[in-house]
Amino acid sequence: MSKVLDFTRRLSKEKKNKGKSGGKSDAPIIDMTEKRSEILNEERRQVKRTILTQFIGAMALVPRKGLLKVAIHDISENGMAFDIDIKAGHFSLGEQVAMRVYLNQETYFPFVVTVQNIRALDEESVFRHGTHFVKGTINDQALHHFVKFMETVSAALQRDQGDIMVSSIAR
């Protein structure tokens, strides 16, 4: 005889009878897997993230190879997510990566991240890297202010709908 209690029959019966009144009701069954998942998702999202898809230029430094273009997906005070074309490969979990955010084609500020998770997004043909900023390294202060700037600016962004450009203000 098995010592494992199987509540699946009762759980499915409870779902069928949901909303029906009358009769004696047993105590509800709570699916702890769903509850745990809800709690974990809530904990993961305690930090406000700013979505930056194709908003700013960024590069990752690949040792002994050079710079690799990445697309910053989102950024928060603790870290950022970026995408790399699936053909280019991906970094390893726990790997520290030197990053550059470009403010124009020639000017950037560097910082360092640690890769926390990697997942392939087949529909977008990219590897998404979730990272944490390495504290106490180059440009901590600049990075903090950059994140705050991005959060503030992104709240007021507007999309250009093809506004007419003029060549001079002569009347």
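The values are calculated or read from the model by the stated rules, or taken from the named source; none is laboratory data. Everything numeric in this text was worked out from a predicted model, so none of it was measured. Backbone-built Cβ (ideal geometry, glycine too); neighbour counts: all protein chains shown. Surface accessibility is based on the protein's heavy atoms, side chains included, excluding ligands, DNA and RNA. Shrake-Rupley method; radii C 1.70, N 1.55, O 1.52, S 1.80 Å.
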How many residues are open to solvent by 100 Å² or more (accessible area, probe 1.4 Å) and part of a helix (DSSP H, G or I) when one looks only at the stretch 129-151?
-> 3
What is the residue count in the stretch 81-104 for residues that are closer than 21 Å to Leu143 by Cα and of a type in the set (Gly, Ala, Ser)?
-> 3
Kindly check whether there is at least one residue in the stretch 84-106 that is assigned to a strand (DSSP E or B) and in contact with a Lys or Arg (Cβ under 6 Å, 6 or more places away or on another chain).
-> no
Which pairs do you get when a residue that is within 22 Å of Ile56 (Cβ to Cβ) and touching a residue at least 12 places away in the same chain (Cβ under 8 Å), found in the stretch 154-171, comes within reach of a residue that is among the polar types (S, T, N, Q) and open to solvent by less than 90 Å² (accessible area, probe 1.4 Å), reach meaning Cβ atoms under 9 angstrom, with the pair 6+ apart or on two chains?
-> Ser154/Thr50
Number of the exception - Val47 against (1) hydrophobic (A, V, I, L, M, F, W, C); (2) assigned to a strand (DSSP E or B); (3) at pLDDT below 95 | (2)
Residue within the stretch 157-170 that is assigned to a helix (DSSP H, G or I), loosely packed, with under 14 Cβ neighbours inside 10 Å and not hydroxyl-bearing (Ser, Thr, Tyr) present = no
Within the stretch 78-97, how many residues turn out to be open to solvent by 40 Å² or more (accessible area, probe 1.4 Å) and either closer than 13 Å to Ala58 by Cα or not polar (S, T, N, Q) (or both)?
-> 8
Taking the stated definitions as given, is Ser154 among the small types (Gly, Ala, Ser), open to solvent by 20 Å² or more (accessible area, probe 1.4 Å) and not in a loop (DSSP other than H, G, I, E, B)?
-> yes
Lone qualifier among Val101, Val126 - being closer than 17 Å to Ser76 by Cα and surrounded by 11 or more Cβ atoms within 10 Å (Cβ to Cβ) | Val101
